[in-house]
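Below is one structure; the comments refer to it alone.
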Amino acid sequence: MHYRIPKRDRANWLVDRWINERGEKRIAASSSAAVHNEHQYVSAADLAVELLADAPPQPKETNSAMDRGIRLEPPIRQWASDIIGKKLHEPSELYCYEEPGVRLIATIDSMTEDGKVYEQKTMNKIWRGQLSGHWYWQGVQQAICTGVSEITWIIFDSTLDLHFHVQPVSSDEKQTHIEACRRFLAAIDMGIYPDDAVVEYRHVQERHPEGEKSKEVELPMSALATIERLLLAKEQIKSAEAAEDACKAELCAILGDAEYGLIQDELVCTWKTSQRESFDSKKFQKEHPALWDKYRKTTPVRTFRVNK
């Protein structure tokens, strides 16, 4: 039920988090809160699309928050070691937990020699002593995968200080998460979305980025009602946009050259001037055709239209 695998380079690490050696998809601790729809950045449908894909996720360009965490991880580990009086090390293995229908994996930031688990975080706000759902479920899954009963969080916040938070994880909490993952992965194994995943157009588009030319499919009669709702929604959007334009025209006509609008000395609206830069692609293509061809990128785009 518990086993470990070597931690490889970033590209292979993403593969190992996505699929096990038998070709079965699994859930990583960092995205585990999405199973409960409590992840700050990843919805249940986002996670489902990733796991239903035929290829593993590709490495993404790091943003400033990710870069900050990566750069500060070693000094924070050393700083925390000095405070607790025990040496912390970064495990060279990934921790896995499996049972029938459940496949989980966790990357651990730091551990002591006696196996105590630490999770490191950096944040640009003040730590208020309360784990978000995003962090809470990550801690629960890390406890499941490592077989421990608590996770200690090391948090470096905007006060430029370290904070320690101990998260006890009970067997009931572990079982709640395991059963939620079992239901989620059961749908993935069948090639469908989990019941509680709110599927958006972007999710379907990501799963089916390119159509087969001339391929036809017979739609059910119930699709007519969906098409009618779509057309009604488009009309409502058009009407709302017209109403928005009219309101803006009326208010901005009153503002004229002024940038600020007040009512009884209270600021209620602004109409400021800013500079917008754009790249003249047509001129560049005309003057530098060779460079245009070298850096031009073609990607498939599917456009949905209703034949009235």
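Angle of helix 171-189 to the longest C-alpha principal axis of the chain, folded into 0 to 90 degrees and rounded to 10: 50°.
Between 118, 41, 193, the Gaussian network model of the chain with springs among Cα atoms under 10 angstrom shows the greatest mean-square fluctuation at 41.
Measure up 86/121; 238/283; 60/272; 7/116; 215/308; 60/213 against 27 Å on the Cα-Cα distance and list the ones that go over. Flagged as over cut-off: 238/283; 60/272; 60/213.
GNM on the chain, C-alpha springs below 10 Å: top fluctuator among 145, 181, 247? Evaluated over the chain, the most mobile residue of the options is 247. If you sort the three axes of the alpha carbon gyration tensor as a ≥ b ≥ c, you get a/c of 1.5 or more for the stretch 192-308 and a/b no higher than b/c, which makes it oblate. At a threshold of 8 angstrom on Cα-Cα distance, excluding pairs fewer than six apart, so keeping six or more, what relative contact order does the stretch 1-66 reach in percent? The value is 29 percent. The structure-derived value of mean projected area of the Cα convex hull in nm² appears in the list (1) 25.8; (2) 27.8; (3) 16.3 under the label (1). Annotation: peptides 4-12, 218-226, 25-33, ranked by per-residue average of other Cβ atoms within 10 Å with the highest first, follow the order 25-33, 4-12, 218-226.
Karplus-derived 3J(HN,Hα) values for the stretch 246-256, using 6.51 cos²θ - 1.76 cosθ + 1.60 with θ = phi - 60°, are 5, 5, 5, 4, 5, 5, 6, 5, 6, 5, x Hz; glycine and proline are entered as x.
No value in this document is a laboratory result; all are computed from the given coordinates. Because the structure is a prediction, the values reported are computed rather than measured. We place every Cβ from the backbone using ideal geometry, glycine too, and count neighbours over all the protein chains shown.
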